[in-house]
Structures are given as C-alpha cells and as structure tokens.
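The values are calculated or read from the model by the stated rules, or taken from the named source; none is laboratory data. All values reported here derive from a predicted model rather than from experimental measurement. Note that each Cβ is placed from the backbone with ideal geometry, even for glycine, and that neighbours are counted across all protein chains shown. Just the protein is used for accessible areas: all its heavy atoms, side chains included, with ligands, DNA and RNA removed. Shrake-Rupley method; radii C 1.70, N 1.55, O 1.52, S 1.80 Å.
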Amino acid sequence: MGSPDLIPGTLEALILRTVSRGPMHGYGIAQAIRQTSGDVLSVEEGSLYPALQRLLRKGDLVAEWGQSDNNRRARFYRLTSAGRKRLKQEIPELERLVAAIFRVLNPAEGG
Amino acid sequence: MFAEWMRQARAWLSSRRFDEDLDEEMQFHRDMREQELRGSGLSPQEAKRQANISFGRTLTIREESRESWGIAWLDSIGQDLRYGLRQLNRNRGFAVTAILTIALGVGASAAIFTLVNAVLLRPLPYPEPDRLFVLYEELHVNPRLATPDLDLHHIKNQLKSFSGIGAWARSSVNWRTAEEAILLQASAVDRDLLQVLGFQPALGRAFTLQEEREAANVIILSHATWVSRFGADSSVVGSTSIVDNEVATIVGVASPRFRIDWRTAVAPEAYTLISRNPAYRTNGQGHNSWRYIARLRPGVAPEQARAEWEGLQAAWVQDQPTDWLRQEPVFRPFVDETFEYYRPKLWTMAGAGSLVFLIVCTNLGGLLLARSVARRKEIGVRTSLGAARGRIARQLSVEVALLALLGGAAGLLLCW
C-alpha cells in the first residue's frame, strides 16, 4: 500500500477529484481513493484530515454537516467553483509529471 | 487572498468548535472503520482495537489540522502572553519596579515632547509667519525706559515695504458675570494687527472700523477662555456686561491656536482695542512696551524693509536737537522675537528629559539582567523538556514586551 503524496500536492488533487463526483465525508473519500486505485493507494488518516483542512482554507472545498448512509451525523465536503477550476489545472499537470517519471524509468530508445 | 484571511480568522475565532467538530469527525471515521473491519470478519474487540490503532495519534492529527490553517502561531503567542502575565503576577516586586521605571521614562519624555511640539515644532498660527517682523525703538542705555518717538500713524503712512503694520500692547479687561467679576489678561490690538496676523474668528467677528474710531469697549475672547470660563456657550457672543458704569460687549471668539503674546506663562484671555488708549488716538506714541508687527509686502526682501525703517527713524532724528537721547530702531523677525524667550529653557528641559530616559534605561537593563540570572534554572528545565531556542527566546521577548506595554501605558497615563 503506497502513500499517495510521493509528489507533493498529489493527495490534494486526489481528494478534489474524488469529491468532484459528489459531496463526501472524510471516511468516504479515503475509501474511494483506496478502492479506485485498486488498493494500491491508501490514505493515512493523519494526512487526510490536515489535507482536507488545507483545502478548506484555500477555499477549494466547503464543509457541511449532514446525514451519512447509516443515519449518523457526518461532515460532508463539497467542491467549490474555485476547487473545480484548480482541479482542471492540476489533472493535466500531474499527468505530465507521471508520464515524465515513466519515461525516465522506461527510456524508449537506447539504454 | 483576502477571502482566505477571512476564513483563517473565522477558524481562529471559533477554535473550540473547530476542535469539537474535528473530534466528532474523527470519531465517525473511527466507527466506520471499525464497522468495516467487523464486516471483514474480525471480532468486535479486535475490530475496535485495530480501528483505534490505525487511527492513533489523535492529538497529533488535531494539531496538524490546526497547523494547516496557518494560525497556530497566534495560539502560541497567546500562550506566551498568558504565561508572561502569570510570571509577572508571581514576581510582583520585580514587575512593579520595572513598570514604574518604564512609566517614569515614558511619561517624562512624552510630557517634554508634547511641550516642545506645542511651542517649538508647530508653526505659528499665522499665514506665512516668516514674513512677519517686529519693529520698535529701543534706548540703548536702558531698553525699558523711553517711549517711542515716532508717531505710529506716521510710520504706517510712510513705510512702503509692508502690506500692513499693526500695534499691540499688554492690557486687561474687567468682566462681570452674574456670579462674579473676573479680570482677564488681554492683548490690546488695532485692526491692522488682526489683519496682518490673518486673524479668523472662530465665532462672531473681528473689530469694525467704527468701533476702532469710537474706541468702543468691545472684546474678543480667546478660544481657551471661551471654553473654560464661558463654558463654550455660543450665546456669549453679543452678550454685555457693565463694569465701572461702562458697557462691554463680546463680539467674537478667536480660533483655538491664535495668540499674539507668547511671552507670558498663561496665554492672554481676551483682545481689546488699543485705540482705547488715548495715546493711540492722539500722537500715536504709546509706552515702550507697545510692539508693532508688520507683514512684508510680497516680493519685498527683509533687508529692504529694514533699510526703510532705519531710514525713517534716522530722518526723524535729523530734526532733533543734538542733546536729545537717541533711540535705536530695531527690526527683528517675529519668529525670533517670540521664541528667544523659550528656546534655552526648552533645550534644558529636553536635555534633562534625555538624561532621565537614559537613567531609566540603565535601571531597566540592570533589573532585567538580574532577573535573567535568577531564571537560569527555569530556562534550563525548559530546554531539557524539549523547547526550541526560538520558542524560549520568543516567550522571553513577549514577557519584556508585556512589561514595556504596561509601563508605557502607565507612563502615558501619568503624563496626562
């Protein structure tokens, strides 16, 4: 199980992408990331909540209390328009970085 | 960016709710994880144990979450302040000594500076005060003795270098109210003087030509007197009082900083007409204490005006018998004439004030030094418990700053 913050800022991007599908609480976000990554990426609670707070501070997310599936009170995070804009910039940037890492690890020609 | 500051402020202000919310959130997360673990086959106790372990470090998470808001420094300064206050409370002797010392230094300096500012640094309350000059005649042998020889009206007519020449003298005014009779120290002036000095009444008006001709008993109050003795009552303008069978009327109030006579300890409280002095109306030769203030015409150089004044006086002397006691014409800038009285005294005060401040600083330095020696053990303990040097330094600075603030506030209060 890997930590998703090998490239700094990755975790925030993952959170934003996850929440872009609809409001979610902290546990749901961690679960979604784990499941979607095929159990490769696991988000430590110790990094999840500080990251969520950072996104709240920057204004990319807003939080509201609501009811979870099993009727318990939970705090739901929602993407703001600023967050949506940031996500649109972050995704291609990360893709570029990942592709670059890949190229270095698997050079196409020569050795 | 501004929106972010607002969010940060809100987070800081509602810090208790922040912690409660986060705790509830994390509890929910923990419970969900426990449920998940149970679902995957673990026993309830095992599930709970695992959920709590993997969650672990709750306090650390709380701290880090707060830190990501970038407002943690406010909290730590708050801690330092509270600790500093407790420390000062426990060492009352030291605190009181230090605060009083600072208070004395600050109070003395503030008082002296206010005085210097009011008198020396602020400009005179007239338009273009450097264009104002004082003219008079002085008997070389004994400056106080003689009366001016030249007729004031003659001077006013003959001198062309000035746009206006006015006269004033020290005087006093009797005023009787319903309750009491008061004596006001006054400056007797003519209309030309008020014009030369750019007099603007705060209330009412200046003297009229008619009043000057008739030597009417009209009074303009100084602003300070109007406030203190007459209660800043605007109906005072136009009110009359009968003194010595004569009716006196208040026609105006001067603006707050206006003043003609700067050499008295207390500013004159009223202005009257100098034309009430018979000498003014007849030969224009008042007592030697009279002063003429003249404003240079635009474009005229002071030397030119001086030459003209001295020339006028010399021409008059020509016509006198040879055994007549000659007076010297004096021509000085108004600014110099006014402040030569104050300057040496104020420099002395400023010097004394600086000395006091120096002594205060030395005392304080000694006190703080003694105290820091006494606190070595405490700081040693702190360091061994893991406090960073920067943090300790900041905490000590906050303590000293606290002292300085309290002392400074006390000093300003003292000075008031």
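Here are the numbers:
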read-out: Total accessible surface hidden between A and B, rounded to 100 Å², 1.4 Å probe; value: 2300 Å²
read-out: Most mobile of B:Asn52, B:Asn157, B:Asn277 in a GNM of chain B (Cα contacts under 10 Å); value: B:Asn52
read-out: Estimated FRET transfer efficiency (A:Arg72, B:Cys361; beta-carbon r; R0 60 Å; 0.05); value: 0.40
read-out: Other protein chain Cβ atoms within 10 Å, averaged over every residue that makes up A:59-71; value: 1
read-out: With DNA, RNA and ligands ignored, accessible area of A:Thr36 (1.4 Å probe; Å², nearest 10); value: 100 Å²
read-out: Residue-level accessible surface for B:Ser235, protein heavy atoms, 1.4 Å, Å²; value: 80 Å²
read-out: Viscosity 1.567 mPa s, 4 °C: Kirkwood-radius Stokes-Einstein D of the protein assembly as shown over Cα pairs, µm²/s; value: 40 µm²/s
read-out: Tail fraction, Cα-Cα pairs, chain A, threshold 19 Å, whole percent; value: 49 percent
read-out: Among A:94-101, A:77-84, the order from most to least packed when residues are scored by Cβ within 10 Å on average; value: A:77-84, A:94-101
read-out: Difference of contour (0.36 nm per residue) and Cα-Cα distance, B:Glu20 to B:Thr114; value: 28.7 nm
read-out: 10 Å Cβ neighbours from other chains, averaged over peptide A:80-93; value: 0
read-out: Cα-projected label distance for A:Ser20 with B:Glu340, points at 7 Å along beta-carbon direction, nm; value: 8.5 nm
read-out: Length-normalised contact order for chain B - Cα pairs under 8 Å, 6+ apart - percent; value: 26 percent
read-out: Carbon + sulfur, % of accessible area of the stretch B:40-108 - ligands and nucleic acids excluded, 1.4 Å; value: 60 percent
read-out: Within the stretch B:388-416, backbone nitrogen closer than 19 Å to the virtual label 7 Å beyond the Cα of B:Arg371 toward Cβ; value: B:391-412
read-out: Length released on extending from B:Leu385 to B:Ala352, taking residue separation times 0.36 nm less the Cα-Cα span; value: 7.1 nm
read-out: B:Phe162 long-range amide H proximity, modeled H, under 5 Å; value: B:Arg297
read-out: Heavy-atom accessible surface of the stretch B:177-308: percent carbon and sulfur, 1.4 Å; value: 50 percent
read-out: Using θ = phi - 60° and Karplus 6.51 cos²θ - 1.76 cosθ + 1.60, couplings along the stretch B:326-333 (whole Hz; Gly, Pro as x); value: 7, 9, 9, x, 10, 9, 9, x
read-out: Cβ crowding within 10 Å averaged over residues, with B:176-183, A:54-61 ranked highest first; value: A:54-61, B:176-183
read-out: Contact order normalised by residue count of chain A, Cα under 8 Å, 6+ apart, percent; value: 28 percent
read-out: Label point at A:Val104 placed 7 Å out along Cα→Cβ; residues across the stretch A:14-55 whose backbone nitrogen lies under 17 Å; value: none
read-out: Relative packing of peptides B:65-71, B:184-190 - highest average C-beta neighbours within 10 Å first; value: B:184-190, B:65-71
read-out: Residues of the stretch B:150-189 with amide N under 19 Å of a point placed 7 Å along Cα→Cβ from B:Ser235; value: B:176-180
read-out: Proximal aspartates and glutamates to B:Lys160, defined as alpha-carbon separation beneath 17 angstrom and excluding residues fewer than eight positions away on the same chain; value: B:Asp151, B:Asp192, B:Glu303, B:Glu308, B:Glu310
read-out: Theoretical FRET efficiency, 1/(1+(r/R0)^6), r = Cβ-Cβ of B:Asp261 and B:Val96, R0 41 Å, to 0.05; value: 0.35
